[in-house]
Amino acid sequence: MKIALVLITIALLILLVAGCGPQAEAPLTEVPGYEALREQFAGRDLSALRRRRIVLEPGHGGHFKGAVGQAGLTEAEVNLGVALYLRGLLDWAGAEVFLTRTADYDFLTPADSSLAGDLAFRVSFTESLHPDVFLSLPQNSVASLDRTVNETQTYYPLGDDGASLDLGR
């Protein structure tokens, strides 16, 4: 329970601080509006993250770009940027981090070019890693493309009243 609360706190802090910030390779000082952004981890006990296997699922990618913003930025690009940034922070805290994708691609095959096939591969890959924590990080638009709608969705395994539920909460 204590580990789950620490993970929830860290995940929320990271997502709040990182927002839709730059990809891991770009220094923060080159992104307008982020000049003063600095993570505040000094004095925090991040030991609960050490050696934890964490899988980050950026969502979208490749053929499945998601919605496209007014300037052409896709949901797939935003998702990947958040996941790469979060990977860097979790690596720094000592976690063993895996991403279901690290660039703009999908998992379509000539035999199956469906979204269901793409998602099935991501699930299979994730399960093969036996993670302690799985975080899916998609930014999803609504069908009406109403940019005023903003919400957080949390999913966890049905019937899991333990750490998954705690982390989701």
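The values are calculated or read from the model by the stated rules, or taken from the named source; none is laboratory data. Model, not experiment: these values are computed from the prediction. Neighbour counts are summed over all protein chains in view; Cβ atoms, including those assigned to glycine, are modelled from backbone coordinates with ideal geometry. In case anyone asks, the SASA skips ligands and DNA or RNA and just uses the protein heavy atoms, side chains included. Shrake-Rupley method; radii C 1.70, N 1.55, O 1.52, S 1.80 Å.
For the reader, a short list of remarks on this structure follows.
- Segment 92-169: C-alpha gyration tensor shape, a/c 1.5 cut-off, then a/b vs b/c: oblate
- Other residues with beta-carbon under 15 Å from the beta-carbon of Tyr155 carry, at +1 per Lys or Arg and -1 per Asp or Glu, a net charge of -3.
- Fraction of accessible area attributable to carbon and sulfur, segment 55-159 (%, probe 1.4 Å): 57 percent
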